[in-house]
Amino acid sequence: MSETYPPSKRSNKARLVSHLYDYTSNIAESRGYDSNRGLAAGTAAAMLGLGLDKLDTKNTSSTAELPYSEEEAKLIDKVASSAEEMQGEQAHFMDRFMDILVRSTMPDSPEAAEIQMRMHDPSRMKKPPLSVRVFVKNLKALSGKIGAFFKIQYGIVHVFTWHKPTKTLCVLVAYTCVCLWPHLVLSFPLLFLLFGVIIPGYLHRHPMDTPELIPVKRRGQSLLEYFNDSKDDSVLIDLLEERTQLADEDPSIHSGESLSSASAEPRGTLNKSSPKGIDSADKLNPKDKKKFVKSQVSLLINMRDLQNLTGDILASIDNGEKLVNQLTTFKDERLTTFIFYIVIVATSFVLFFGRYIPWRIIFIQSGWAVLVLCHPNTKKYLVSVTSNPPGVSHKKESDSQGNITSEFLDNFDRQDIIVDEQPEVRSVEIFELQMKDVFKQEWNFYAYSKRLFDFRDSVRIAGRLPHGVDHLGKVFPPQEWKYDFGYANNWRIDTNPNEFLTIRRLDRTHLKIREEDSEGWIYDKLPIDQDTTQEFRRRRLYRTCYRYARPPKTYKIE
């Protein structure tokens, strides 16, 4: 609940604020708005006027019931008149403050009319008001996503400077093809969507088995590198460096100290030569003062527009990322497969039949159709076509359309698209190690380890014991893989260790397999020249694991 005050207390507050308002207004009128003190007094009067307006709006009773005098009531009504034109209580403090400041400093001025018309723009008033917190938050979020635009910028520079000859030649070939066949402008985005988004998303979710290639040392030089080999830089790089040098030589951007000293020097000279003190020294031409106020108000307006622009850009980027990740990353196999077929058909149609289509007429008619549909008089026809009633607000229409779109994507199902790809199958192996007790001549369990732990093992050569776990339930499959559906101890013993040693091409110099052993144990064959008392035996356990699909690839602009 809001706190209420007695009428006398409210009256005393309003009287105090009104007296301060009268005092600052008198100073502003006597000094004039063309001086710094007059401008400061006018600004204080504007803020006090907003305080009076706030006290007036908090009052639940009428003005006549309060113990205000008639002059105070007229004063409050006069101060609140500008705020009523700025949407009353819904107007933001900064907008109301700028409105009062413009009215008081630039009355009956074309610049003031232009600024007020911009401030009162209906489309602009629907946007959020200026907030430093929101402004800084949007700039911080946008700075984290603007890296992609800088990559495009430097990519264009690399193309023009022949940083990579193959890339520059590809751009030249693509440009030549577009000049010869303009309909390829439509096919390039489709090809990028196909080979740059959908297919990499599928390969990420369902990776292919690629053989391991033996790296070979590079020999010689390619033909493109031979022709591109030059000790000189591109002309574009010279122009960019020259521009940077000119910017560095500009004294106005080097340091704030030179600016402050340059601005402080004439001020001190004026203070010494002027007998009237600081106020007369700081006086400016009224036209210059109006330009100063106009520039400051325009700065605040531009900051608000920039804040809302960054918010719109961030919202568009988030919606684009969400749409791309939902449609092209095979998160829904049927939906992305359906889109893949559509893109394939559209790309093939544009590439093979695009030269026979009258694209000029299509683009002209499309542009006219879009602008005609945006005409206000066509809204009633569009509303009648849709299922929404005419009385629904724009916000509800957008929300309902968004819900319909998300519901369609969530419930999309095509029975004619069969996604029955077999999962990948691999085997996870682990070695059960047992150590021989020298005194009891018994084999005791040591650990389950991923090491064979023979005499060529680096850990054993270093004189250390291998790491492991004491239970098979602690052995997990690799990331993105799952065990077969069964019990936790669904591990099988490799009863043919000879085949295992042969396939892995392991050295059997210090390994032996007993003929009477049928449990798959591989024993140590102790070397004669080593004085060791640790003897191990091990056997191989394996279990099947599956990978149905990797987590979908997430596209994010950074």
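Structure summary
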item: Failed item in (1) surrounded by 15 or more Cβ atoms within 10 Å (Cβ to Cβ); (2) within 27 Å of the chain's Cα centre (by Cα), with F149 passing the rest; result: (1)
item: Which listed residue is part of a helix (DSSP H, G or I), without any contact (Cβ under 8 Å) to a residue 40 or more places away in the chain, among the aromatic types (F, W, Y) and farther than 17 Å from K556 by Cβ, from F340, F353; result: F353
item: Helices (runs of 4 or more DSSP H) lying entirely in the range 125-196 (those with 3 or more residues that are under 23 Å from D305 (Cβ atoms)); result: 132-145
item: Failed criterion for L506 (all others in (1) more than 13 Å from V428 (Cα to Cα); (2) without any contact (Cβ under 8 Å) to a residue 24 or more places away in the chain hold); result: (2)
item: Tally of residues being among the basic types (K, R) and under 17 Å from K145 (Cβ atoms) across the range 291-329; result: 1
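Values quoted throughout were computed directly from the atomic coordinates according to the rules given, and no laboratory measurement underlies them. Keep in mind that this is a model prediction, so the values were computed, not measured. Glycine gets a Cβ as well: all are built from the backbone with ideal geometry, and neighbour counts include every protein chain shown.
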